[in-house]
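A short worksheet on the structure shown next.
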Amino acid sequence: VGGYHKADGTSTGLKDRDVTVDLCDVNIYSIEDATWRKIKAKGTIPIKGSGMCMATNGNFIYTFGGLVINDTRMREFSNTLHKLDTTTMAWQELVPIKANTQIGVPDRPSIRDKSAMVFYDNALWVFAGWGTRIGAIQQNSQFVPDMSHEFVGWNNELWRFDLKTMKWNSPAFRGTPPSPRAAHTLTMFSDDKAVLFGGRTREGRVSELYIFDFKTLRWEGPIDAGCGLKLAHFTLVHDCTMIMCCCSVDEWRRRFC
């Protein structure tokens with residue numbers, strides 16, 4: 001869903017004049033037939049963009065943030081939430097209800113892309129990302145500015161969006177969190193735990209592993225992943241094995257439980 005590519009269909013970087021895929025185009029891959037097919041979605045379709053993070057639960061796909069193209073054809077960061085019902089192929093925007101916070105304390109994540117998100121306990125959990133700093137940073141979190149722009153950079157905030165109350169909150173956690181980063185992955189590997197891997201910090205690419213326990217709200221790590229530096233990859237977990245795919249390797253596995 002979404003993304004960007006050159007007009008000839010090859011992948012590209014943001015430094016090129018790329019073509020952003022319209023999010024109303026949902027591409028589905030059939031494992032049985034080994035074929036792709038494109039389905040036109042309906043509803044409140046997200047603005048076309050790239051770098052959004054995604055999570056799934058049952059028949060629903062959730063997206064957050066991203067680098068989008070506004071009405072004036074300019075790129076800007078986003079902090080919107082959308083839900084796609086794969087049974088009807090209809091998009092819906094999830095509009096947060098403002099939470100009661102202290103003056104100057106944000107009640108939702110700042111605009112950003114390349115975050116990571118998982119579904120747990122009827123909520124969406126978003127960690128870190130790259131974007132514009134707006135307002136105060138969360139307690140126990142950091143904002144690391146880019147060397148060329150003091151208001152754009154990396155963060156390591158942890159946010160939770162309750163799908164019942166439709167409110168964001170920033171849960172207090174224990175342990176040492178991963179450093180501010182973007183283009184990392186966060187993947188559930190048990191009923192109550194997720195593994196974070198890789199990404200890019202201001203210092204460059206990293207290959208660290210962290211474990212987050214949702215029951216205790218504790219970070220554990222870093223753990224040396226024993227592989228090359230990675231960002232803009234994707235991961236999945238099957239039978240206690242994490243499979244990682246990216247542009248530099250076809251497949252990488254690490255036992256971690």
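The values are calculated or read from the model by the stated rules, or taken from the named source; none is laboratory data. From a predicted model like this one, the values you see are computed outputs, not experimental measurements. Cβ sites come from the backbone with ideal geometry, for glycine too, and all protein chains shown count toward neighbours. Keep in mind that these areas ignore ligands, DNA and RNA; they rest on the heavy atoms of the full protein, side chains included. Shrake-Rupley method; radii C 1.70, N 1.55, O 1.52, S 1.80 Å.
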Could you tell me whether R108 is of a type in the set (K, R), on the phi < 0 side of the Ramachandran plot, open to solvent by 80 Å² or more (accessible area, probe 1.4 Å) and at pLDDT below 95? no
Specify the residue that is nearest to V105 (Cα to Cα); the eligible residues are those in the range 138-149 that are open to solvent by 40 Å² or more (accessible area, probe 1.4 Å) and polar (S, T, N, Q). Q139
Can you name the residue in the range 155-180 that is more than 20 Å from G104 (Cα to Cα) and not in a loop (DSSP other than H, G, I, E, B) and, of all such residues, is most open to solvent (accessible area, probe 1.4 Å)? R174
List, please: which pairs have Cβ atoms under 7 Å, are six or more places apart or on different chains, and start with a residue in the range 87-99 that is on the phi < 0 side of the Ramachandran plot and outside any strand (DSSP E or B) and end with one that is at pLDDT below 95 and not small (G, A, S)? P96/R108; K98/D107; A99/D107; A99/N169
Is it fair to say T101 is at pLDDT below 90, within 27 Å of S141 (Cα to Cα) and either hydrophobic (A, V, I, L, M, F, W, C) or surrounded by fewer than 16 Cβ atoms within 10 Å (Cβ to Cβ) (or both)? yes
What's the total number of residues in the range 124-137 that are surrounded by fewer than 22 Cβ atoms within 10 Å (Cβ to Cβ) and outside any loop (DSSP other than H, G, I, E, B)? 2
Selection within the range 56-83 - open to solvent by 60 Å² or more (accessible area, probe 1.4 Å), of a type outside the set (A, V, I, L, M, F, W, C) and touching a Leu at 6+ places or on another chain (Cβ under 8 Å): R75, E76
